[in-house]
Amino acid sequence: MSTPAVATPAVTPSTESALLGTYKRAPMRIVRGEGVTLFDDAGRAYLDFASGIAVNALGYGDAGIAHAVQQALDTGLVHVSNLFRTEPGERLAEWLVAHSFAARAFFCNSGAEANEGAFKFARRWARTLVPPGADEAPGPFGPCAKHEIVSLRGAFHGRTMGVLAATDRPQYRAPFRPLAGGISIAERDVKELDATLDAERVAAVIVEPVQGEGGVRVVDHGLLRELRAMTAERQIALIFDEIQCGLGRLGTLWAYETTGVVPDMVTLAKPLAGGLPMGAVLVNEAIAGAVQPGDHGTTFGGGPLVANVALHVCERLGDPALLAHVREQGAFMGEALKAIGERTGKVRALRGAGLMWGVDTHEPAAQIVGRARDAGLLILTAGDHTLRLLPPLVITRDDLARGLAQLEDVIGVAQ
């Protein structure tokens, strides 16, 4: 007997039936980008103040990125695995080490993977701090009591199972309990952190210098300095999650440069490879020395194509002229947003630095995002009543001013 044919449902331009419904996508379909502008399939233009959630730092249609992609393709090497050496990944690691505190770099495919890797590296390093044999013995260090990871209130570190436990979003966490063990969230308070950071139990603390998803909250630099002192004294690794706020977004190559604090690890992703999937963990000498072959791995991380593009992107983002441009446009943006709040009376608070700003509004943020999209401006939310603005770092003053004028119009019509 023949098996009946199974009909395959047609996927038309008006449906997303073949895509798992993990996102509520905007109604238009984006087909092209140029500079800081996106275009949909109806030919409508949108000024982009979202940058693909801080990914497209160099905008769209960038000739340098296109050349780096073609250069990699010309070798015929898109992927060879990490069983073999390739020049692009090694050159990228050398650049990152030369331009940061780090001794070594590990490459992966996303921000969540970078944070997962940092958690593993912290626990691996913490095992080197306990007496030989104590891991398996009863007592304060056994079995490996020094393993806990602490994040801060308002944090977002990803949605995979390990880092989800460090992400302070009840709506993301609740459907997936029980969450990974040994990970907790502490208040952004020196006294609570002092009580929480037990030297015998805690392996690492992870912090976003600017909490992006958590409302674009700039973590107090005094708190970060206190945290650095505590973690250094208690042999606890300090991880800075710079996935959204690093690589030029604040007007310095690294977000930690704005804080007066040097961490033990930094995690990166978003703009790193110009829109290609790539993450990284930068580690200091002590942690690098603790990680052994077989402790961690990745099939695709740091492949020749993405690494070649990432090296080009990093060299561009590390250009002092570009960083000065970000600082200059960021200062203009902050003053303009303050003036918008004063003129409209519809802004409750304003936070940010460089080209990363959060605007608290009386009206639900999603409603303003929708009106902005209808007006041809793409912006994001960072909470129920917070707008998040992340324009490409190459944006001109004219485009920035034009977008801010559009934003004022859509905020000003709020009821």
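The values are calculated or read from the model by the stated rules, or taken from the named source; none is laboratory data. Source: prediction; values computed, not measured. Because the Cβ atoms are built from the backbone with ideal geometry, glycine has one as well, and the counts that use them run over all protein chains shown.
Brief remarks follow.
- Flag if ALA165 is more than 24 Å from ASP220 (Cα to Cα) and modelled with pLDDT of 75 or more: no
- Unmet requirement for ALA7, which otherwise passes all of (1) modelled with pLDDT of 95 or more; (2) farther than 26 Å from THR396 by Cα: (1)
- Remark: pairs (first residue in the range 306-317, touching a residue at least 40 places away in the same chain (Cβ under 8 Å) and under 15 Å from SER100 (Cα atoms); second residue hydrophobic (A, V, I, L, M, F, W, C) and buried (at least 23 other Cβ atoms within 10 Å of the Cβ); Cβ separation under 6 Å; 6+ apart in sequence or on different chains) = LEU311/LEU92; LEU317/LEU247.
- Whichever residue in the range 287-301 is of a type in the set (Val, Ile, Thr) and within 20 Å of ILE236 (Cα to Cα) and, among such residues, is surrounded by the fewest Cβ atoms within 10 Å (Cβ to Cβ): VAL291
- Residue within the range 107-128 that is at pLDDT below 95, assigned by TED's automatic domain parsing to the domain that holds GLY289 and either within 19 Å of the chain's Cα centre (by Cα) or more than 23 Å from GLU233 (Cα to Cα) (or both) present: no
- In summary, THR86 fulfils each of the numbered conditions (1) farther than 27 Å from VAL283 by Cβ; (2) touching a Pro at 6+ places or on another chain (Cβ under 6 Å); (3) not hydrophobic (A, V, I, L, M, F, W, C) with the single exception of condition (1).
- Number of positions in the range 269-286 that are under 15 Å from the mean Cα position of the chain (by Cα) and surrounded by 24 or more Cβ atoms within 10 Å (Cβ to Cβ): 11
Rundown of residues vs (1) closer than 23 Å to GLY274 by Cβ; (2) surrounded by 18 or more Cβ atoms within 10 Å (Cβ to Cβ); (3) at pLDDT 95 or above, yes/no style:
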{"position": "HIS312", "(1), (2), (3)": "yes, yes, yes"}
{"position": "GLU315", "(1), (2), (3)": "yes, no, yes"}
{"position": "LEU337", "(1), (2), (3)": "no, yes, yes"}
{"position": "LEU378", "(1), (2), (3)": "yes, yes, yes"}
{"position": "ASP398", "(1), (2), (3)": "no, no, yes"}
{"position": "VAL410", "(1), (2), (3)": "no, yes, yes"}
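- Residues of the range 361-408 satisfying the condition of being acidic (Asp, Glu) and either within 26 Å of GLN171 (Cβ to Cβ) or not assigned by TED's automatic domain parsing to the domain that holds GLY330 (or both): GLU363, ASP384
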